[in-house]
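Notes follow the structure.
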Amino acid sequence: MRVLSGIQPSGQLHWGNYFGSMKPNLDLVSPQCENFFFIADLHALTSLRDHKALEAARREIVRDYLAVGFDPDRAIIYEQSAIPEHTELQWILATITPMGLLERAVSYKDKVQRGLPATAGLFTYPVLMAADILLYQADVVPVGSDQKQHVEMTRDIATKFNNAYGKTFTLPEPRIHKTVAVVPGTNGQKMSKSYGNTIPLFGDEKVIRKAIMGIVTDSKGAAASKNPDACTIFKLHSLFLTKGEIATLADAYRHGLSYGDAKNRLFDAAMDFFGPMRKRRSELKDADVRAVLAEGTRKAGRIASATMEQVRACVGLKKSY
Ligand code: ADP
Ligand code: TRP
């Protein structure tokens, strides 16, 4: 079974990305599956126009993924822009994709509403995503619920192609992460880089401490009993704990744990949890990262090129020399 997923390099990763996307993806890596994991850097161009920022984000995100435990021996790791077949297939798929299908995409409307430029690239984003998936004949695509519609559109596009040219593509199944629902940010809203309420996954300890100390709480006195279920510190701390530990911590809140102490405990728990990953990240050499990408690109490129040869033959574009 082939499992494929991608992530856009569009800024520093945060706890929401780890618990909502990286961890569930990691949990799906298994010896029974062929795992493909790629950096969707062409997609990132729809929202990031600063070339230095994009270069930096691409570099950092591969390190982040290797640090949290993606194992290049078990997953093919590569960058979308390194494999030209993604955009070649995108064009061919675009010629059979009905406009009406793209017009129904919720994510396009959301993004334009949030201020992203309404470009042809943003509008045809789901077609590139379909190419990302179909090029590798993926069976399963683990995604957050925000991306489910895109995987369904991929199935529609693959079906159109198969009907027009004969069975070529596997229809992928979306697998929606059973996440800890939504990870709250420091102000209690969904943690998101667009809301400026994130706690970074990696980076300077001082910055992480400052973000944690800035978590918004009510104004209950230090010794007053607190309701853990209404507290963002508690919700975040629970991400790092077992069921039993969560119950013990909830008791401490009810018995009057001060918010200052609660934040210190959260900081310590996060450092314990992410400590080994931070260490691994600091030990990664640039050459190691480059080697992982080179190997991943070679493996993925071979599959992409075989699929494209088949697709070209189907549509009448087989190389004639
Ligand atoms: P951001 O909201 O910071 O721009 P992205 O949209 O780039 O984050 O997130 C990439 C993936 O990380 C999403 O598809 C989603 O699965 C996951 N994710 C992001 N923020 C959260 C959150 N607060 N809680 C749970 N999952 C999240
Ligand atoms: N659109 C996805 C996101 O923003 C990233 C992505 C691009 C992707 N191509 C993909 C995810 C193919 C899964 C499969 O999160």
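Of the residues contained in the stretch 176-183, one or more are found to be under 30 Å from Thr87 (Cβ atoms) and either touching a Ser or Thr at 6+ places or on another chain (Cβ under 9 Å) or within 16 Å of ligand 1 (Cβ to nearest atom) (or both).
Per-residue answers, yes or no, for (1) within 19 Å of Gly11 (Cα to Cα); (2) exposed (fewer than 14 other Cβ atoms within 10 Å of the Cβ):
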position	(1), (2)
Thr154	no, no
Asn162	no, no
Thr186	yes, no
Thr198	yes, no
Val207	yes, yes
Thr217	no, no
Gly221	no, yes
Ser225	no, yes
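Criterion applied to Phe240, Phe274, Phe267 was being among the aromatic types (Phe, Trp, Tyr) and either assigned by TED's automatic domain parsing to the domain that holds Glu55 or not in a helix (DSSP H, G or I) (or both), and the one residue passing it is Phe240.
Of all residues in the stretch 188-205, those satisfying the criterion of being out of contact with any His (no Cβ under 7 Å at 6 or more places or on another chain), touching a residue at least 40 places away in the same chain (Cβ under 8 Å), more than 15 Å from ligand 2 (Cβ to nearest atom) and at negative phi are Phe202, Glu205. Of all the residues in the stretch 9-43, those that are β-branched (Val, Ile, Thr) and within 12 Å of ligand 2 (Cβ to nearest atom) number 1.
In the stretch 85-197, counting only helices (runs of 4 or more DSSP H) that sit wholly within it, the ones holding 2 or more residues that are over 22 Å from the mean Cα position of the chain (by Cα) span 85-94, 99-103, 148-165.
Against the conditions (1) at pLDDT 95 or above; (2) more than 15 Å from ligand 2 (Cβ to nearest atom), Leu93 satisfies every one except (2). When restricted to residues that are crowded, with 21+ Cβ neighbours inside 10 Å and within 24 Å of Leu89 (Cα to Cα), the stretch 18-41 contains 7.
The requirement of being in contact with an Asp or Glu (Cβ under 8 Å, 6 or more places away or on another chain) and either of a type in the set (Phe, Trp, Tyr) or touching a residue at least 12 places away in the same chain (Cβ under 8 Å) (or both) is fulfilled nowhere in the stretch 257-266; no residue meets it. In the condition set (1) at pLDDT 95 or above; (2) under 29 Å from Phe19 (Cβ atoms), His177 is compliant with all but (1). The single residue among Ile39, Ile77, Ile83 that is within 16 Å of ligand 1 (Cβ to nearest atom) and either modelled with pLDDT of 90 or more or over 25 Å from Lys178 (Cβ atoms) (or both) turns out to be Ile39. Does the stretch 297-318 contain at least one residue that is surrounded by 12 or more Cβ atoms within 10 Å (Cβ to Cβ) and not in a helix (DSSP H, G or I)? Yes, that holds for at least one residue.
For the criterion of being touching a residue at least 24 places away in the same chain (Cβ under 8 Å), under 19 Å from Met191 (Cα atoms) and either touching a Leu at 6+ places or on another chain (Cβ under 8 Å) or outside the structural domain of Arg298 (by TED's automatic domain parsing) (or both), Ile7 fails.
The values are calculated or read from the model by the stated rules, or taken from the named source; none is laboratory data. Owing to the predicted nature of the structure, the values given are computational and were not obtained by experimental measurement. Methodologically, a virtual Cβ is constructed for each residue, glycine included, from the backbone with ideal geometry; neighbour enumeration extends over all protein chains shown.
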